[in-house]
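Here's the structure we're looking at; comments come further down.
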Amino acid sequence: YHLDSRVPLVMQVGHYLVEGGGKRLRPLLCLLAARATGYDGDKHIPLAAIIEMLHTATLIHDDVVDESDLRRGRATVNSAWNNATAVLVGDFLISRAFQLILDLETPAISRLIADSTLVIAEGEVMQLINKRDPETPEQRYMDVIRGKTAQLFVTAAEGGAILGNPEHRQAMHDFAMHFGAAFQIIDDVLDYESSAA
């Protein structure tokens, strides 16, 4: 019901995205972090949905920027519809996520997500600057992947800890930062090997 809209095109694209599947690692990390830190309520479920909405929106926008035609073996939204639809549905997902954040009534999570979305946007812009630059230094590469990829893993894990036991927030942050960076490095290596073959 989080993707409900009075605009049929939004719902059509939303269902297309949900049917596309994916690993859903970020929402899973959120659920696990909440339980691991002792949370026994149910706010971790909408928080996990928020994390996945934000992640999906970033993927949609990435596909427009990269002019990608395929993701996970399916046509991207910009390919199946057009760039304008992709950007606007991505914006809808971000807007809906922020509505759901308010429903959590947890200021620390609101601040975490607001700060994280800024870091993610900056990471995406840094990646755009580095694109096709073979002289990109390792530190700049690491800054990009920490911002554009690892930060949402951090948001998921820290958000779970805020709900469970904020004393574990830093530990969850550190774990998720390393996990997210490793995830992106592996993804980049696989992309490089497949394009070099």
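The values are calculated or read from the model by the stated rules, or taken from the named source; none is laboratory data. All values reported here derive from a predicted model rather than from experimental measurement. Neighbour counts run over all protein chains shown; Cβ positions are idealised from the backbone, glycine included. Only protein heavy atoms, including side chains, enter the accessible area calculation; ligands, DNA and RNA are left aside. Shrake-Rupley method; radii C 1.70, N 1.55, O 1.52, S 1.80 Å.
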### Query
Which Cα, out of 177, 162, 97, lies furthest along the positive dipole direction of segment 85-197 (beta carbon charges, K/R +1, D/E -1)?
97
### Task
Determine the distance separating the Cα centre of segment 1-31 from the Cα centre of segment 71-109; give it in Å without decimals.
8
### Message
So with the 1.4 Å probe, I'd like the accessible area per residue for segment 1-73, rounded to whole Å².
### Response
55
### Query
Based on Cβ point charges of +1 for Lys and Arg and -1 for Asp and Glu, what charge dipole magnitude is obtained for the chain about its Cα centre, in debye rounded to the nearest 20?
400
## Note on the structure
Of 148-155, 16-23, 44-51, ordering from highest average Cβ density within 10 Å down gives 148-155, 44-51, 16-23
#### Entry: Anisotropy class of segment 82-188 from Cα gyration tensor, a/c 1.5 cut
oblate
### Query
Taking the highest mean first, how do the peptides 183-191, 114-122 order by number of other beta carbon atoms within 10 angstrom per residue?
114-122, 183-191
### Summary
At q = 0.10 Å⁻¹, the log10 of I(q)/I(0) for the chain from a Debye sum over equal Cα scatterers comes to -0.42
### Dipole-positive endmost among 81, 27, 44 within the chain (Cβ charges, Cα centre)
44
### Query
Label points 7 Å out from Cα along the Cβ direction at residue 186 and residue 121: separation in nm?
3.1
### Query
Based on Cα positions only, what radius of gyration and what Dmax would you give for segment 55-94, in angstroms?
8.7, 24
## Note on the structure
TM-like helix rule applied to the chain (DSSP H, alpha carbon span at least 30 Å on the long axis, mean Kyte-Doolittle at least 0.5) gives 44-66, 83-104, 107-130
### Query
At a 1.4 Å probe radius, carbon and sulfur cover how many percent of the accessible area of segment 70-197?
58
### Message
Between 111, 72, 24, where does the largest GNM mean-square fluctuation fall for the chain, given springs only between Cα atoms within less than 10 Å?
### Response
72
### Message
Once you compute Rg and the Kirkwood Rh from C-alpha atoms, what is the Rg to Rh ratio for segment 11-105?
### Response
1.03
